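Novice: Attaching a single structure in structure tokens format; questions to follow.
Since every read-out is calculated from the coordinates, none of them should be taken as a lab result. Bear in mind that the values here come from a model prediction, so they are computed numbers and not experimental data. No Cβ is skipped: glycine too gets one built from the backbone with ideal geometry, and neighbour counts run over all protein chains shown.
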Amino acid sequence: MTVDQSPTPHEGLSRRGLIGLALGAGAAGIAVGAGAGVAAAAAVRAGQDGGAASAYDFHGSHQAGITTPVQDHLHFASFDMMAGADRDDLITLLQDWSYAAARITQGLDVSATGAVGGSPQAPPDDTGEALGLAASGLTITFGFGPALFEKDGVDRFGIAARRPAELERLPAFLGDDLDPGASDGDLCIQACADDPQVAVHAVRNLTRIAFGRARLRWSQLGFGRTSRTTQVQQTPRNLFGFKDGTANILADDTEALDEHVWVGAQDEPAWMAGGSYLVARKIAMLIETWDRVQLAEQETIVGRTKGTGAPLSGGDEFTEPDFSGDAMPETSHVRLAHPDFNGGNRILRRGYNYVDGNNTLGRLDAGLFFLSFQRSPSQFVQLQRALSTDVMNEYLRHVGSGLWAVPPGVTAGSYIGEGLFA
């Protein structure tokens, strides 16, 4: 099946996508119903919270989930294409994902027949755990990893020549103890929502759609955002108890976004214009060790007061730090990460806390799932290297890592990454 012959997202899921839903549920057949599922799901959504459910449009010049007000919950997933998958498999997968994402971000089921509108003798198209729930501000953001373009010297999908020059596996950094099973991947999905069940539902169903074309490599649940992207959002706290993301780039700062986050029209390759680059880092925090550190030392390490979040040089949380005196230690996190000491370099952060239970020593397996968007991967590399002398590193271990090119947004009837295949 060629791309021209493939169904466009507004027509519905491809045959492969429908088969994936069925086989992903453990059966071989599926029935395609009429449009009753759309009306039923829409009625459910309209009746939820008096019809006031928050929903972000999947379509737009940029992908949602970057400057969107940061939601409270995350389900991040990394995928590898299956051995033997070809270019048409990749294209139809992206079409199917785009079609499904455009629906579920509006509080609808993944397809027209949905969870209850199909044949009772066939597995449902939709898993159904989000029935009756509002859209909950769900956003779905897709990214393409370096190995999608070339893996072990093989151009599996005929796109190696269109790989962005900077899209390479991140270099090794001081303090890395990376788990290959929680790093990298051909494709990624960032699903953010104000209801954790809505985010999980999104990744669960997109994984089913991918059956036979891509497989889940690893995933991560996150809670309690560690940044803000709007003026009205309060600055949250990380698991060390400090306010995090005070100086983050905000959605209304279009000048900073154009300079530091969005790939420009003059950048290469042209198909990435309006897109960005996503870095994910799973950072384990040595919680019990940190909890035994004196408050004054904690504040010296961070460079801010724990209570108000004000810089140690004085003022309130949003006062610009004064580095001229001795109040801000040279090895403090705030100083080392500040644009004044990094050539004006800034990134947009969208991190989350995570707790994955306890380890074998009975300590919390917890930390920060760091997410950042930047115009160029070199911005993150520069900042991470600048933090090599950060005293906070004594309490951190970087255990997962990945870099993905995030294509620009799409219009209705198009699909994510279409420009790559033009």
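Novice: Is the C-alpha gyration tensor of the range 186-269 telling us rounded, prolate or oblate? Criteria: a/c under 1.5 is rounded; beyond that, a/b larger than b/c is prolate, otherwise oblate.
Specialist: On the way: a/c = 2.52, a/b = 1.26, b/c = 2.00.
Oblate.
Novice: Mind telling me which of Val154, Val232, Val406 comes out most flexible in a GNM of the chain, alpha-carbon contacts under 10 Å?
Specialist: Ranking Val154, Val232, Val406 by mean-square fluctuation puts Val232 first.
Novice: Follow-up. How far apart, in nm, are the 7 Å Cα→Cβ label points at Asp258 and Arg215?
Specialist: Taking the simple label geometry, Asp258 and Arg215 are separated by 4.6 nm.
Novice: Next question. Each label point is 7 Å from the Cα along the Cα-to-Cβ direction; what then is the distance between the points at Ala160 and Asp291, in nm?
Specialist: Result: 5.1 nm between the two label points.
Novice: A further question follows. Which order do the peptides 106-119, 287-300, 159-172 come out in when sorted by mean C-beta neighbours inside 10 angstrom, highest first?
Specialist: Values: 106-119: 22.9, 287-300: 13.0, 159-172: 14.6.
Per-residue Cβ counts within 10 Å, averaged per peptide and sorted highest first, yield 106-119, 159-172, 287-300.
Novice: Same structure, new question: Starting from the Cα-Cα distance between Phe421 and Gln382, subtract it from 0.36 nm times their residue separation and give me the gain in nm to one decimal.
Specialist: Values: separation 39, 0.36 × 39 = 14.04 nm, distance 3.12 nm.
So the extension gain works out to 10.9 nm.
Novice: Using alpha-carbon pairs under 8 Å, 6+ residues apart, how would you state the relative contact order of the range 303-422 in percent? Display every interim value, and only then the final one.
Specialist: Details: 124 pairs, mean separation 20.6, N = 120.
Once normalised by length, the contact order is 17 percent.
Novice: List the lysines whose alpha-carbon lies under 26 Å from that of Lys306, not counting same-chain residues fewer than 8 positions away?
Specialist: Straight-distance partners of Lys306: Lys243, Lys282.
Novice: Under 14 Å from the Cβ of Gly419, count the other residues' Cβ atoms, weight Lys and Arg +1, Asp and Glu -1, and hand me the total. Numbers along the way, then the final one.
Specialist: Numbers: positive: Arg162, Arg163; negative: Asp267, Glu268, Glu418.
Spelling it out: positives minus negatives among the neighbours equals -1.
Novice: Most exposed first by the Cβ proxy, i.e. fewest other Cβ within 10 Å, how do Thr254, Thr141 rank? Provide the component values of the computation, followed by the final result.
Specialist: Working: Thr254 11, Thr141 28.
Ordered from fewest to most neighbouring Cβ atoms within 10 Å, Thr254, Thr141 come out as Thr254, Thr141.
Novice: Hey, what did the chain get for relative contact order, percent, Cα under 8 Å, at least 6 apart? Numbers along the way, then the final one.
Specialist: Working: 960 pairs, mean separation 97.1, N = 422.
Once normalised by length, the contact order is 23 percent.
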